[in-house]
Amino acid sequence: MDRITRHDLKTDQFAQQVGHIVEEVGAHRSQVARYGVAAVVAVVLVAGTYWFVHSRKESRELALAKIMRIWNAQVGGPAGGEYSYPDMAAKEKAFSQAATELIASHSGSDEAGVAEYLLAVRAADQGNLDVAERYFKQALSDGGREYGSLAKLALADVYATQNKTADAEKLLKELIEKPTVMVSKDQATMELARLYAKTRPADARKLLQPLLTQKTSVGRLAAALYGETNAAPAR
C-alpha cells in the first residue's frame, strides 16, 4: 500500500493532509464486513497523493482537498476554524454539500469518482448499503481504471455483506483477471478466499495455497486465513 510519491512542496502538504485522514479512518473502521470498506478508503486516500498531483486541474484538486479536510475535521472542538464543526451532524452536512458540488461540477472526472467513493464509504458505515451500492457503482464508472478497481473491491464487500455471493464473486474474479496498481491480484485473491472461507473452505484453501510461500504480509495474512478455513466446517 506504500505508493506515496512526493513531487514538490504542494504535494508534500497534500500528503500530510491525507495522512491525517488515514489515521482518522483507521480509528473508525467500517462495520460493513470483517475488514470493511472503510479500510479500503485508507488506500484510496493515500494512493491519491500519487494520482492527483499529476496534470490535474487546480479547481478539481482544491475541491477534492476540501472534501478530505472536512472528512478529517475536528468535531466539538474550539469554534472558529474553517474545518471545525460543533457536532457530527454539521460535519456530515458540510461533507455532503462539498462532495455533491464536486460531483455536479466535475461529473465523470477521477475526482468526482473519489467523491462518490467517499460518499459510498460513509453510507456503508452508516448501514445504508443500498445508497453505498449506488455510489460505489458511480465511482466504478467515474474513477477510471485505478479508482474504479477500488470501488469494485469495496462493492464486492457490500455484496458479500448482503449475501449476494455470486455478485461479489464475479467482481473479485474480474479483479483477479485484471489487477491494477491499487488492487493487486494477490489482494483480490485474498478477498475471494475470504468470501469462500465459511461455505467453501476447500476452494478458499486452494486459492490461498500459492500465497503461503510469500515471506511478506500477504503470506502472513494468507496463513492466518488458511488456518481459519481449516477450522471452518466443510459443506
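Output the residues belonging to region 63-91 that are free of Cβ contacts under 8 Å to residues at least 24 places away in the same chain, surrounded by 13 or more Cβ atoms within 10 Å (Cβ to Cβ) and part of a helix (DSSP H, G or I). Scanning region 63-91 gives ALA90, LYS91.
This table checks each residue for (1) within 18 Å of the chain's Cα centre (by Cα); (2) polar (S, T, N, Q).
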| position | (1), (2) |
| --- | --- |
| LEU150 | yes, no |
| ALA154 | yes, no |
| GLU177 | no, no |
| LEU195 | yes, no |
| GLN209 | no, yes |
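Scanning region 185-220 for residues that are outside any loop (DSSP other than H, G, I, E, B) and either modelled with pLDDT of 90 or more or buried (at least 18 other Cβ atoms within 10 Å of the Cβ) (or both) yields a count of 23.
Taking the numbered list (1) hydroxyl-bearing (Ser, Thr, Tyr); (2) over 14 Å from LEU64 (Cα atoms); (3) in contact (Cβ under 8 Å) with a residue 12 or more places away in the chain in turn, SER96 passes all entries but (2). Beta carbons closer than 8 Å, at least 6 apart along the sequence or on distinct chains, pair a first residue in region 198-217 that is of a type in the set (Val, Ile, Thr) with a second that is at pLDDT below 90 for THR199/ARG235; THR213/GLY219.
I'm checking my understanding of the structure. Among residues of region 92-114 that are of a type in the set (Gly, Ala, Ser) and at pLDDT 90 or above, which one is surrounded by the most Cβ atoms within 10 Å (Cβ to Cβ)?
By that ranking, first place goes to ALA99.
The values are calculated or read from the model by the stated rules, or taken from the named source; none is laboratory data. These numbers come from a predicted model, not from an experiment. Cβ sites come from the backbone with ideal geometry, for glycine too, and all protein chains shown count toward neighbours.
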